[in-house]
């Protein structure tokens, strides 16, 4: 790739409805200009959520820019507050920290570049890896696109003379490979309990949808982020200073509220089913192509526009038709959010009674947007022990349980009969 | 509940029953060892962090197993840090029975993993699992390394460990025939 760049140090500003201005450099701009990144303009962040919340039209493109911004703020806060721990335990120098800051920015920018149409809706259709029941994930596609389509844009820019990055370095940090070396410490900023991805999507989704559930004091949280010094010969870990624990508590609650009110909303889940089934009809063999070679190039041709175009032409079968006519499946039964053994037995009874009327069963456990239960470490200068989990500070967090709710669906036409059968099982108890 | 989900929950309960007071890091790494070294099809998607192979789904499953009454988790503190102790709870049998056939089929693998790894502390388990992870990355591309070279690669990820310490753990895993990419001085695996 040849570049004619008047000033490789020129900086650019992009307006963002959440963060104001997002600054990028010329190198990042060249990457953003690549067709594989521009494809993200054609992938909506929340699939068909606009059928419930009309404002949910935002894309992976603006989210990716937001993640770069938040990741940089987190990185700078941690370096400012924890430089000594990073130098002592991970042998960082100023040059090393500057280098990895750029690496984190590139990984944040590109972490979602491998998304399928309509984001997570049809990820069940990713092909199998082979043994062990594992499927490819969108991160595998991101890494593959970085190593192929984006290699030249990453490696050949003049600014890379200062860092010498290979595309593999960026891919390794995203996919979690030993090739990322000590930079793996920063992987929690891309994919972790309080990562830049999560911070950005909660606030951005709330903004566009018009809800307040996902809002929290992210600036306080970011300014509290630190690398917690070693515990029992372990590496430093991402955590927060004690002063930020209420902001961290609010992050966890924001996730919970967004999950229950938006991401696992009964109608949104119904449209995810219809999208998945539509994609199954549209994709050759009912599966996405693999993330390599010609298959990867084929995968990249799939975006929301193509799928919507095909739906508009009458392709996609019964489920595409349902999306067009807003004739979605109807929720007929739901378990409690923290489903017990007894609730599971009740569920089995309801399913048996519904018989063939039951058309879909969706579990919160399967959702990409899980509520999450792992603790954030909190560091105190005055308490003993100095490091305690957030759940020891917050009674609310301590009482939270993983959401394993299950939703059952029937066709709208059989709703009355299904309701009658559900009532019958309740009477018998 | 899907089959894989039931299998995971039953396995977590089986681990806790066999070895009460397991730490949460231990459970995470034992699941990794079961899946990677014994091909137990748990379907987790482990990727590497500075603290070793990790999949948040394991924590999510632990929480579900707790909600179902299969296990209980207690926070414990020690100087400079904290951890979680996991033990079987009142309904452990019921949760294990969600996939009793699976547990029966892989019982010897569960026992094998506990026997070899439950004796280690969390820092060692993070190191041992990282060594296995790095080894498998090289084995996947058919690259062969010396034990020293593998230890060096691991140290690039975990620079807070002394080189000799990592080398000692590489030797342990090699003696246990758990490594695939390491060749002997004569060039054989």
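Quick note: the coordinates plus some simple rules give every number you see, no bench work behind them. Keep in mind the model is a prediction, meaning the values are calculated, not measured. Cβ sites come from the backbone with ideal geometry, for glycine too, and all protein chains shown count toward neighbours.
The lone criterion from (1) without any contact (Cβ under 8 Å) to a residue 60 or more places away in the chain; (2) over 23 Å from residue B:176 (Cα atoms); (3) more than 8 Å from every other protein chain (Cβ to nearest Cβ); (4) surrounded by fewer than 20 Cβ atoms within 10 Å (Cβ to Cβ) left unmet by residue B:71 is number (4). Taking segment B:134-148 as the range and being in a helix (DSSP H, G or I) and in contact with a helix residue (DSSP H, G or I) (Cβ under 9 Å, 6 or more places away or on another chain) as the test, the residues that pass are B:134, B:135, B:136, B:137, B:138, B:147, B:148.
Screening the candidates A:363, A:292, A:367 for the property of being within 14 Å of another protein chain (Cβ to nearest Cβ), touching a residue at least 24 places away in the same chain (Cβ under 8 Å), touching a helix residue (DSSP H, G or I) at 6+ places or on another chain (Cβ under 9 Å) and within 30 Å of residue B:82 (Cβ to Cβ) yields one hit, A:367. Suppose the filter is more than 9 Å from chain A (Cβ to nearest Cβ) and in contact with a strand residue (DSSP E or B) (Cβ under 9 Å, 6 or more places away or on another chain); does residue B:48 pass it? So residue B:48 does not fit the description; no.
Got at least one residue in segment B:107-126 being touching a strand residue (DSSP E or B) at 6+ places or on another chain (Cβ under 7 Å), buried (at least 19 other Cβ atoms within 10 Å of the Cβ) and either under 30 Å from residue A:186 (Cβ atoms) or away from chain A (no Cβ under 12 Å) (or both)? Within segment B:107-126 (the criterion being touching a strand residue (DSSP E or B) at 6+ places or on another chain (Cβ under 7 Å), buried (at least 19 other Cβ atoms within 10 Å of the Cβ) and either under 30 Å from residue A:186 (Cβ atoms) or away from chain A (no Cβ under 12 Å) (or both)), the answer is yes, since at least one residue qualifies. Quick check on segment A:24-35. Is at least one of its residues more than 20 Å from the chain's Cα centre (by Cα) and within 24 Å of residue A:221 (Cβ to Cβ)? Within segment A:24-35 (the criterion being more than 20 Å from the chain's Cα centre (by Cα) and within 24 Å of residue A:221 (Cβ to Cβ)), the answer is yes, since at least one residue qualifies. Of everything in segment A:152-191, what is within 9 Å of chain B (Cβ to nearest Cβ), on the phi < 0 side of the Ramachandran plot and not in a helix (DSSP H, G or I)? Give them in sequence order. Matches in segment A:152-191: A:177, A:191.
Only residues that are surrounded by fewer than 21 Cβ atoms within 10 Å (Cβ to Cβ) and free of Cβ contacts under 8 Å to residues at least 60 places away in the same chain: list them for segment B:1-39, please. Within segment B:1-39, B:2, B:4, B:5, B:39 meet the criteria.
Can you find even one residue in segment A:238-246 that is within 14 Å of another protein chain (Cβ to nearest Cβ) and touching a helix residue (DSSP H, G or I) at 6+ places or on another chain (Cβ under 6 Å)? Yes, some residue in segment A:238-246 is within 14 Å of another protein chain (Cβ to nearest Cβ) and touching a helix residue (DSSP H, G or I) at 6+ places or on another chain (Cβ under 6 Å). Residues that are closer than 22 Å to residue B:28 by Cα, within 12 Å of chain A (Cβ to nearest Cβ), in a loop (DSSP other than H, G, I, E, B) and more than 15 Å from the chain's Cα centre (by Cα) are absent from segment B:162-170.
Residues that are part of a strand (DSSP E or B) and in contact (Cβ under 8 Å) with a residue 60 or more places away in the chain within segment A:25-63 comprise A:25, A:44, listed in sequence order. Of the candidates A:324, A:282, the single residue that is without any contact (Cβ under 8 Å) to a residue 40 or more places away in the chain and under 26 Å from the mean Cα position of the chain (by Cα) is A:282.
Out of everything in segment A:114-143 that is crowded, with 23+ Cβ neighbours inside 10 Å and not in a loop (DSSP other than H, G, I, E, B), what residue ends up being nearest to the other protein chains (Cβ to nearest Cβ)? Only one residue fits best here, namely A:143.
Every test in (1) surrounded by fewer than 21 Cβ atoms within 10 Å (Cβ to Cβ); (2) over 19 Å from the mean Cα position of the chain (by Cα); (3) more than 13 Å from every other protein chain (Cβ to nearest Cβ) is passed by residue B:89 save one, and that test is (3). Out of the residues in segment B:131-148 that are loosely packed, with under 15 Cβ neighbours inside 10 Å and within 14 Å of another protein chain (Cβ to nearest Cβ), which is nearest to residue A:168 (Cα to Cα)? Top of the filtered list is B:141.
Of the residues in segment B:93-105, none is buried (at least 20 other Cβ atoms within 10 Å of the Cβ), assigned to a helix (DSSP H, G or I) and under 16 Å from the mean Cα position of the chain (by Cα).
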